[in-house]
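Asker: Pasting in a structure now, in structure tokens, and then I'll have a few things to ask.
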Amino acid sequence: MQFKDFPYTRPDYKTYEKNFKQALETLTKAQSPEEAVHAITTINVLRSQVDTMANIALIRYSVNTEDKFYEGEDTYWNEYSPLFDALDATYYSELLASSFQEELRAVFPATIFLIAEGKKRLFDEAIIPLQQKENQLVSAYSKLVASAQISFQEGIYTLSQLIPFLQSSDRSVRKAAEAARFGYFAEHEDKFDDIYDQMVHVRTEIAHKLGFKDYVDYSYVAMNRWGYDRTMVETYRKNILQDVVPVVDKLDARQKERLGLDNLYSYDLDFTFPSGNPKPQGTPEELVENARQMYHQLSKETGEFFDFMVENGLLDLLSKRGKQSGGYCTYIMNEEAPFIFANFNGTSGDVDVLTHEAGHAFQCYQSRWIKEPEIIFPNNEAAEIHSMSMEFITYPYMDKFFGDETNKHKFNHLSSAVKFLPYGVLVDHFQQVVYENPDWSPKERKDAWRKLEKMYQPGKDYSENPDLERGLFWMKQGHIFESPFYYIDYTLAQVCAFQFWQRFNVSKDENAWKDYMAICQVGGSQTFMEILETGHLTSPFEDGAMTGIIENISNYLSSISEDQLK
């Protein structure tokens, strides 16, 4: 069935609540392990139906925020999802209280019980109104970003559609495009400030009501960060400063020399080669067909998966008016169908986002055996290993998209991945200091961002853009508003994905595909640390893990001569 034909029906909360509580009572009063297992299975069927409808509504609204029906459904889910979550919390509590713990743990994945312990700690009916308000604020931010209609060079563009101009070979165009892009944030600065200020206070109030010191501590529980803590993350950030920032400085210096510039300004950073950045060749339809061929050549499993995605209309890739920005993959539980959302704009990012989100989608497709909606995806830091690794696994097929510019693409992609690490931990560090100081003024937040930016990205020169110089850049980072603290996960996964880069493209490890398949197939039934063991990957927190792989990548990039990049 095509996605456009997937039926959507808004769940009736009262009916759902009645059925849910009946199944929960069966679990509470179960006289045997079999009866308890049956009750849990019934509850998961009910929860999967709600999860399915929520994701269909999310997709259809994000594809077109001007659709009045799904705008109404977005409002419904903002209001009712905390109520559904509250029912889930009662289930988790009863699951942990069951007298058949040993038998249940032999049937259901251990991560379910870890999630239950966290959810139990995070639930209190008193926070439901606060969660509803938070949802409304997230929607307000998304709509404000999606509604951008920016006049530029005799055209009207969304924020996503402006990105190609930031990679123009004409420096004046790059400068003007950056000014136009962040001019939108400056023009609506008060709105962005107000939305975020309310978010910080609402989230802090949620944390305090639940007995946490601050929203940072709350988030570590909410993000299911099992096996590592705040102190380990702070040490990891210091390792990024020590091992990665100097490599990024060298790459920036090389870029400046390659471009023949006296100064590398912020608007120059996305322009890598004098002959122009590599662009995918062909129409969006041709890119999808090339991807289909690539995945058939890569493996039987990926070929079957991508055919399923195309044949069932599970890709929405073009940027258009009213569409939310960014890209994501989600999973429609009852249809056993991943869905990929992206905003193609004619840059190499089109291929990057397609391979990245396909990594997520392929993992879901391989994890369809899982019937618990909360563990189709693993935790974020593990989930991003699948997506970021897929970007590297597909390197041998990049000529399908870039032709004679393939070497340029690989160099740019790999060096950009290295450059991302300091930015990724910057976003995390910024959020930590914000939520440690929830009463900061908007100006103090911007000052903090700029101070940290100078530490993690010392090469960024904003001297020709006063809006960015005073700390506006973070406003474009949707995760800060929509998914707080979901960002350092990308960097942890990137360090792991670099290991797959080496195994697939350098050492030609014959077990690499087997290990990648293995981590896709376990979904969220294992913790981050367990998934690393399954994939024979070194933990980013281990001494020397960062140093070795970054050194190998730096040496590899240094071995590519400038003549090869013309």
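The values are calculated or read from the model by the stated rules, or taken from the named source; none is laboratory data. Predicted model, so just to flag it, every value in this text is computed and none were measured. Cβ sites come from the backbone with ideal geometry, for glycine too, and all protein chains shown count toward neighbours.
Asker: Residue 212 passes all but one of (1) in a helix (DSSP H, G or I); (2) surrounded by fewer than 20 Cβ atoms within 10 Å (Cβ to Cβ); (3) touching a helix residue (DSSP H, G or I) at 6+ places or on another chain (Cβ under 6 Å); which number fails?
Answerer: (1)
Asker: Related question: Quick one: what pairs do we get from segment 316-339, first residue at positive phi, second of a type in the set (Lys, Arg) and modelled with pLDDT of 95 or more, C-beta under 6 Å, 6+ apart or different chains?
Answerer: Within 6 Å, the pairs are 336/368.
Asker: Residues being more than 20 Å from the chain's Cα centre (by Cα) and more than 16 Å from residue 549 (Cα to Cα): count how many of those fall in segment 231-250.
Answerer: 7
Asker: Go through (1) within 18 Å of residue 323 (Cα to Cα); (2) not aromatic (Phe, Trp, Tyr); (3) not in a helix (DSSP H, G or I) and name the single condition residue 169 misses.
Answerer: Of (1) within 18 Å of residue 323 (Cα to Cα); (2) not aromatic (Phe, Trp, Tyr); (3) not in a helix (DSSP H, G or I), only one is false for residue 169: (1).
Asker: Something else about it: I need the full set of residues from segment 260-285 which are in a helix (DSSP H, G or I), at pLDDT 95 or above and either out of contact with any Lys or Arg (no Cβ under 7 Å at 6 or more places or on another chain) or not hydroxyl-bearing (Ser, Thr, Tyr) (or both), in order please.
Answerer: Once the filter is applied, which keeps residues that are in a helix (DSSP H, G or I), at pLDDT 95 or above and either out of contact with any Lys or Arg (no Cβ under 7 Å at 6 or more places or on another chain) or not hydroxyl-bearing (Ser, Thr, Tyr) (or both), segment 260-285 yields only 268.
Asker: Could you grab me the full set of residues in segment 429-449 that are touching a Phe, Trp or Tyr at 6+ places or on another chain (Cβ under 7 Å) and either surrounded by fewer than 21 Cβ atoms within 10 Å (Cβ to Cβ) or on the phi > 0 side of the Ramachandran plot (or both)?
Answerer: The answer is 448, and nothing else.
Asker: Go through (1) at pLDDT 95 or above; (2) closer than 17 Å to residue 222 by Cβ; (3) touching a Ser or Thr at 6+ places or on another chain (Cβ under 6 Å) and name the single condition residue 120 misses.
Answerer: Among (1) at pLDDT 95 or above; (2) closer than 17 Å to residue 222 by Cβ; (3) touching a Ser or Thr at 6+ places or on another chain (Cβ under 6 Å), the lone unmet condition for residue 120 is (1).
Asker: Could you check segment 93-115 and list, in sequence order, the residues that are within 26 Å of the chain's Cα centre (by Cα) and outside any loop (DSSP other than H, G, I, E, B)?
Answerer: Across segment 93-115, the qualifying residues are 110, 111, 112, 113, 114, 115.
Asker: Part of a helix (DSSP H, G or I), in contact with a helix residue (DSSP H, G or I) (Cβ under 8 Å, 6 or more places away or on another chain) and not aromatic (Phe, Trp, Tyr): which single residue out of 118, 72 fits that description?
Answerer: Sole residue among the options that is part of a helix (DSSP H, G or I), in contact with a helix residue (DSSP H, G or I) (Cβ under 8 Å, 6 or more places away or on another chain) and not aromatic (Phe, Trp, Tyr): 118.
Asker: Now for a different question. Name the pairs whose Cβ atoms lie under 7 Å apart, with the first residue in segment 389-406 and without any contact (Cβ under 8 Å) to a residue 12 or more places away in the chain, the second part of a helix (DSSP H, G or I), and 6 or more positions between them or separate chains?
Answerer: Here the result reads 399/406, each pair linking segment 389-406 to a residue that is part of a helix (DSSP H, G or I).
Asker: Something else about it: For segment 149-164, state whether one or more residues are among the aliphatic types (A, V, I, L, M), buried (at least 17 other Cβ atoms within 10 Å of the Cβ), touching a Ser or Thr at 6+ places or on another chain (Cβ under 8 Å) and in a helix (DSSP H, G or I).
Answerer: There is at least one residue in segment 149-164 that is among the aliphatic types (A, V, I, L, M), buried (at least 17 other Cβ atoms within 10 Å of the Cβ), touching a Ser or Thr at 6+ places or on another chain (Cβ under 8 Å) and in a helix (DSSP H, G or I).
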